[in-house]
Amino acid sequence: MSTVELIATILGGLTVGSALMVVLSTHPVRSVLFLILTFFMISANYIMLNAQFIAIVNIIVYAGAIMVLFLFVLMLLNLSKDTEPKTSVLMKISAAIAGGVLATVLVAALKDAAFETIENADNTIGLVEQLGMLLFDKYVLPFEVSSILFISAMVGAVLLSKKEKQIID
Amino acid sequence: MSIQQLLPLLLLFPLIGAFINGTAGKKLPKIVAGSLATLMTFVSFLIALTIFLNLDQPVRSLLFTMIDIDSLHLDAALYADNLSMWMTLIITGVGSLIHLFSMGYMSHDKGYYKFFTYLNLFIFSMLILVLGSNYFMLFFGWEGVGICSYLLIGFHYDDEQKGLLNGLAARKAFIMNRIGDLGLLIGLFLMLLSFGTLEYEQVSRMVLVDKILPNGNMLFAITICLFIGATGKSAQIPLFTWLPDAMAGPTPVSALIHAATMVTAGIFLVVRSNYLFHYAPFTREIILYIGLATSIVAAFIALRQNDIKKVLAYSTVSQLGLIFVALGLEAYTTAIFHVTTHAFFKALLFLGSGSVIHAMSGEQDIRKMGGLKDKIRITHITFLIGTLAISGFPLFSGFYSKDEILGYAFGHSLTIYILLVISVTMTAIYMFRLYFVVFHGTFRDSKDVEHHVHESPLSMTLPLMVLAVLSVIGGVLNLPGIFLHGSGTHFLNNLLNKNVAGLDQIHNVHPDHTTTLILMGVAVAICLTTLFISSIVYKKKGSVPSEDAQLSAWETFSNKKMYWDELYDILFVKPIEWFSKVFYTIVDSFILSGIIEGVVRTVAFSGDIVRKWQTGKVNSYILWMVFGIIGFITYYLIKL
Amino acid sequence: MEGTLLNSGVSLQFYIILATIIFCIGVLGVMIRRNAIIILMCVELMLNAVNLLMVAFSNYHGKGDGQIFVFFIMVVAAAEATVGLSILVLLYRNRKTVDIGLFNKLKD
């Protein structure tokens, strides 16, 4: 096992472990913190994969923005206490079985996805320059459209959380 | 406009009338609704007259193609030759008069607009029946008049006392006609099978010109099936019992549908297919004897009926039987002649009876009438003319047409002639009995009713007078040769022989003049004798039909309609009821219910189980979704 | 590690398995947790698993397109988190709970 493989394996183990802790922690705030840790791990994996820009963006957007939003909402709703009711054991067992079987099946389906190694791959694709060229050239239209998505999401969020009493039932 | 263009118009007007009255009639004033319907029919009559006068060759007018597939081509087309135009004239002519009569007769009815809708619809259907260019169109019209007849017989279905009976009568007529219709339909299918077409023109050309005929059995099957259809519509044994019951409908309906027009549909069918019947002698034999039996049986039953309309109904059946005898003898033009005169005088008699009933405030029992001759003069005189015409009084229309039939019967066989004479004699007897009992003697109902007796309004008496005139002079249409030599005689004969397929190829042996004279003499003698005897019995002695309990054996037999209904009840209704009961208890309530309830229980049971899956919790739904995804992926993995 | 090597020296299969496991942990979380916010977080986890796979394939093919897709997925995830969280806030305001075990209106 080469050094790179060793590092990758350790990183992978840490990623899976922190992801598991997200699900298994009973305290919501702890879950959030573990999720942030998971994102850092995944960013490390991105760096392993020569995707430096995505790694940084992942930390900025996910860990920095989205997870802070989650944490903020948790605090706002005063849900930081460990108040979640227990799910039934039967449900837990069947969920675990389902998850395990799903993982097995997915791996079985995906493991042959690669056929050959592509030689002379460019190591610099993950750099911001390369991605910027691609994003503002080939994917400029989706990029612009995504701004509309953001606008509508923003409007939706404002509309939904307005102070007026809204009846859901 | 050419005849091709006029023909659809002929049909269109009654349809428009029916449409307007059927949709907006409720809001229209009565006078408008009635006049509209009458006018539409009359316009049709005028168009028919125009076409009739300008018709040299048979004309076919295509409306649209109904079915066009590999082996079958069906057109909705109209076909005018002298036969169909003659029938059209009768239908629209008599129809207009009866529409006019109805305006007065139905004036107090709340379903006024509905009545005229049905009447116009009937005229439309009947026109399709006679004007259609193929047997399929005929079938359309055939069913159309059937449904109109049903609607009109049961017109007063909501009557408090007799509503149920009216409904039952309508149902009976409908079901009995269905039996006949089935025969007709099978006949049409067989015809399609053996000729490959239902067009009159093509079938007649194949039979008459190309001499392509199906084999004897097939031809027999076709003709007998057509005849079964005819027995249903034209009320012949064994399917005749609906017609007397059909008198439950309003009287103008009885006059128009159940005497003058619809019941002649069967006769029209046979005349139209004469070339087929020509090659099926056995069927003709059957027609002859069925007609004969019907004529005698119905006349016998009519002898002791006490309902004024029932007498006329059985009289109609009897006359139709007489016409079928003519058909059996291949005297088609004579049959149409008698259809024509019969339409005149029977419509007259029915309308007259309607006028009488109107005067009697709805009473139909002749035992309660009497002495009406001075109270309702016009009705009396016209009714008398009708009676004389149907009884074959010399120089009245019935005399000529009936005499022709008797003449042909005499030429065929003496036995049939004698049996027909018996039937004709009975006709005269019951008609004079009816006339004298109703119009002579003393009034037998309560003073209250007597006080109300009044002559009908002009809209009712006018048709009576017109029909009376026609009943008198109707004989002119087909004067026998002995009266006038040369032109003017046999007008209808010549007319129908001119361009109606098949009729010109039939050469009947006409009795010679001496025989004709002798036969006429016999007929006149019979008529006068019965008139004389009846006037003594009912006028001089003033005897009144006795109550049911005092009737002698044969009178009861006649009064109870020879127990035909009871016979059918035992033969058909009871077994069917028994079968129904058996099927109900075994098949329906045991097997079918068992299966159905089993299905229900299974569904309910499985529903109970499956219901538990629907927890409403998102988690469990996702769980099942994941299982589903696993299933999918596994399936494709295995497949690969 | 056997299988196809990426240019970083680690096999593609390794990342496939890793991404699948993280994804399934996310699914598991959605199934067993009842706190709606945690469930939303698990959805983010699943999205990240997909991102990881995308980047791995991008590397394998030597093209940047996969990473652009990651970029867009992030965009969608951010929008989704915004709207999802505001819905949760609204729910909480009405029902004083975010326990989806109590939101069983789907049954009716």
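The values are calculated or read from the model by the stated rules, or taken from the named source; none is laboratory data. Source: prediction; values computed, not measured. Note that we place each Cβ from the backbone using ideal geometry, even for glycine, and neighbour counts take in every protein chain shown.
Return only the number of the condition from (1) at pLDDT 90 or above; (2) more than 14 Å from chain C (Cβ to nearest Cβ); (3) over 30 Å from B:Ile237 (Cβ atoms) that B:Trp578 does not satisfy.
Checking B:Trp578 against (1) at pLDDT 90 or above; (2) more than 14 Å from chain C (Cβ to nearest Cβ); (3) over 30 Å from B:Ile237 (Cβ atoms), the one that fails is (3).
Checking A:Asn50 against (1) within 7 Å of another protein chain (Cβ to nearest Cβ); (2) assigned to a helix (DSSP H, G or I); (3) of a type in the set (S, T, N, Q), only one condition comes out false. Which one?
Going through (1) within 7 Å of another protein chain (Cβ to nearest Cβ); (2) assigned to a helix (DSSP H, G or I); (3) of a type in the set (S, T, N, Q) one by one, A:Asn50 breaks only (2).
Right, C:Val70: buried (at least 19 other Cβ atoms within 10 Å of the Cβ), at the interface with another protein chain (Cβ under 7 Å from one of its Cβ atoms) and under 30 Å from A:Gly126 (Cα atoms) or not? Lay out the reasoning, then the answer.
Working: buried (at least 19 other Cβ atoms within 10 Å of the Cβ): yes; at the interface with another protein chain (Cβ under 7 Å from one of its Cβ atoms): yes; under 30 Å from A:Gly126 (Cα atoms): yes.
It is true that C:Val70 is buried (at least 19 other Cβ atoms within 10 Å of the Cβ), at the interface with another protein chain (Cβ under 7 Å from one of its Cβ atoms) and under 30 Å from A:Gly126 (Cα atoms).
Among the residues of region B:217-237, how many are farther than 20 Å from B:Tyr79 by Cβ, part of a helix (DSSP H, G or I) and touching a residue at least 60 places away in the same chain (Cβ under 8 Å)?
The total comes to 5.
Exactly one condition in (1) outside any helix (DSSP H, G or I); (2) facing another protein chain (nearest Cβ under 7 Å) is false for A:Phe39; which is it?
The one condition A:Phe39 does not meet is (1).
Could you list, in sequence order, the residues of region B:11-30 that are in contact (Cβ under 8 Å) with a residue 12 or more places away in the chain, over 14 Å from B:Leu127 (Cβ atoms) and assigned to a helix (DSSP H, G or I)?
Within region B:11-30, the first condition is being in contact (Cβ under 8 Å) with a residue 12 or more places away in the chain, and the residues that meet it are B:11, B:13-18, B:20-22, B:25-26, B:28, B:30.
Now drop any that are not over 14 Å from B:Leu127 (Cβ atoms), which leaves B:20-22, B:25-26, B:28, B:30.
The answer is B:Ile20, B:Asn21, B:Gly22, B:Lys30.
How many residues does region C:34-57 hold that are more than 7 Å from chain A (Cβ to nearest Cβ), of a type outside the set (Phe, Trp, Tyr) and farther than 15 Å from A:Gly12 by Cα?
Result for region C:34-57: 7.
Residues B:Ser593, B:Ser589, B:Ser620: which one is surrounded by 11 or more Cβ atoms within 10 Å (Cβ to Cβ) and within 14 Å of another protein chain (Cβ to nearest Cβ)?
Details: B:Ser593 fails: within 14 Å of another protein chain (Cβ to nearest Cβ); B:Ser589 fails: within 14 Å of another protein chain (Cβ to nearest Cβ).
Exactly one of B:Ser593, B:Ser589, B:Ser620 is surrounded by 11 or more Cβ atoms within 10 Å (Cβ to Cβ) and within 14 Å of another protein chain (Cβ to nearest Cβ), namely B:Ser620.
Based on this model, can you work out whether B:Leu72 counts as under 19 Å from the mean Cα position of the chain (by Cα) and in contact (Cβ under 8 Å) with a residue 40 or more places away in the chain? I'd like the intermediate steps shown before the answer.
Values: under 19 Å from the mean Cα position of the chain (by Cα): no; in contact (Cβ under 8 Å) with a residue 40 or more places away in the chain: yes.
So B:Leu72 does not fit the description; no.
Here's the yes/no breakdown for (1) in contact with a Pro (Cβ under 7 Å, 6 or more places away or on another chain); (2) buried (at least 20 other Cβ atoms within 10 Å of the Cβ); (3) in a helix (DSSP H, G or I):
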{"residue": "B:Pro8", "(1), (2), (3)": "no, no, yes"}
{"residue": "B:Phe52", "(1), (2), (3)": "no, no, yes"}
{"residue": "B:Ala76", "(1), (2), (3)": "no, no, no"}
{"residue": "B:Met87", "(1), (2), (3)": "no, yes, yes"}
{"residue": "B:Gly95", "(1), (2), (3)": "no, yes, yes"}
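Taking region B:361-392 as the region of interest, how many residues are touching a Leu at 6+ places or on another chain (Cβ under 8 Å), crowded, with 22+ Cβ neighbours inside 10 Å and of a type in the set (A, V, I, L, M, F, W, C)? Steps first, please.
Narrowing region B:361-392 to residues touching a Leu at 6+ places or on another chain (Cβ under 8 Å): B:366, B:378-380, B:382-383, B:385-387, B:389-391.
In the following step, the residues that additionally are crowded, with 22+ Cβ neighbours inside 10 Å were identified as B:366, B:379, B:382-383, B:385-387, B:389-391.
Now drop any that are not of a type in the set (A, V, I, L, M, F, W, C), which leaves B:366, B:383, B:385, B:389-390.
Number of matching residues: 5.
Residue by residue, here is whether (1) assigned by TED's automatic domain parsing to the domain that holds A:His27; (2) at pLDDT below 85; (3) within 21 Å of B:Ile629 (Cβ to Cβ) holds:
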{"site": "A:Phe70", "(1), (2), (3)": "yes, no, no"}
{"site": "A:Val101", "(1), (2), (3)": "no, no, yes"}
{"site": "A:Val105", "(1), (2), (3)": "no, no, yes"}
{"site": "A:Lys138", "(1), (2), (3)": "no, no, no"}
{"site": "A:Phe143", "(1), (2), (3)": "no, no, no"}
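If you check B:Phe195, B:Phe282, which single one turns out to be within 25 Å of B:Gly411 (Cα to Cα) and either free of Cβ contacts under 8 Å to residues at least 60 places away in the same chain or surrounded by fewer than 23 Cβ atoms within 10 Å (Cβ to Cβ) (or both)? Full working, then the answer.
Details: B:Phe195 fails: within 25 Å of B:Gly411 (Cα to Cα).
Matching residue, one of B:Phe195, B:Phe282: B:Phe282.
Could you list, in sequence order, the residues of region A:27-36 that are at the interface with another protein chain (Cβ under 9 Å from one of its Cβ atoms) and touching a residue at least 40 places away in the same chain (Cβ under 8 Å)? Before you say what the answer is, go through the steps one by one.
So in region A:27-36, the residues at the interface with another protein chain (Cβ under 9 Å from one of its Cβ atoms) come out as A:28, A:31-32, A:35.
Within region A:27-36, A:Pro28, A:Val32 qualify.
Within region B:460-469, identify whether any single residue is touching a Gly at 6+ places or on another chain (Cβ under 7 Å) and either basic (Lys, Arg) or modelled with pLDDT under 80 (or both), and answer yes or no.
Checked against the condition, which is being touching a Gly at 6+ places or on another chain (Cβ under 7 Å) and either basic (Lys, Arg) or modelled with pLDDT under 80 (or both), region B:460-469 yields no hits at all.
Restricting the search to region B:546-576, which residues are touching a helix residue (DSSP H, G or I) at 6+ places or on another chain (Cβ under 9 Å), more than 16 Å from B:Trp242 (Cα to Cα) and either among the basic types (Lys, Arg) or outside any helix (DSSP H, G or I) (or both)?
B:Ser546, B:Glu547, B:Leu551
Go through region B:1-45 and report how many residues are closer than 15 Å to B:Ile98 by Cβ and aromatic (Phe, Trp, Tyr). Write out each step before concluding.
To start, the set of residues in region B:1-45 that are closer than 15 Å to B:Ile98 by Cβ comprises B:14, B:17, B:34-35, B:37-42, B:44-45.
Those left that are additionally aromatic (Phe, Trp, Tyr): B:42, B:45.
The number of residues fulfilling the criteria is 2.
Between B:Ala298, B:Ala331, B:Ala313, which is crowded, with 24+ Cβ neighbours inside 10 Å and over 19 Å from the mean Cα position of the chain (by Cα)? Working first, answer last.
Values: B:Ala298 fails: over 19 Å from the mean Cα position of the chain (by Cα); B:Ala313 fails: over 19 Å from the mean Cα position of the chain (by Cα).
Only one candidate qualifies: B:Ala331.
What single numbered condition from (1) part of a helix (DSSP H, G or I); (2) farther than 30 Å from A:Ala109 by Cα; (3) facing another protein chain (nearest Cβ under 7 Å) fails to hold for C:Gly84?
(3)
Residues checked against (1) outside any helix (DSSP H, G or I); (2) of a type in the set (Phe, Trp, Tyr); (3) at pLDDT below 85:
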{"residue": "C:Gly9", "(1), (2), (3)": "yes, no, yes"}
{"residue": "C:Ile37", "(1), (2), (3)": "no, no, no"}
{"residue": "C:Leu45", "(1), (2), (3)": "no, no, no"}
{"residue": "C:Met54", "(1), (2), (3)": "no, no, no"}
{"residue": "C:Lys63", "(1), (2), (3)": "yes, no, yes"}
{"residue": "C:Ala77", "(1), (2), (3)": "no, no, no"}
{"residue": "C:Arg93", "(1), (2), (3)": "no, no, yes"}
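In the set A:Gly13, A:Gly64, which member is out of contact with any strand residue (DSSP E or B) (no Cβ under 8 Å at 6 or more places or on another chain), modelled with pLDDT under 90 and within 30 Å of C:Tyr60 (Cβ to Cβ)?
The unique qualifying residue is A:Gly64.
How do the pairs read when you match residues in region C:17-33 that are on the phi > 0 side of the Ramachandran plot and within 7 Å of chain A (Cβ to nearest Cβ) with residues anywhere that are part of a helix (DSSP H, G or I) and crowded, with 24+ Cβ neighbours inside 10 Å, using Cβ under 7 Å and keeping only pairs 6 or more apart or on different chains?
none
Can you name the number of the only condition in (1) modelled with pLDDT of 90 or more; (2) more than 8 Å from chain C (Cβ to nearest Cβ) that A:Leu149 fails?
With (1) modelled with pLDDT of 90 or more; (2) more than 8 Å from chain C (Cβ to nearest Cβ) applied to A:Leu149, the lone miss is (2).
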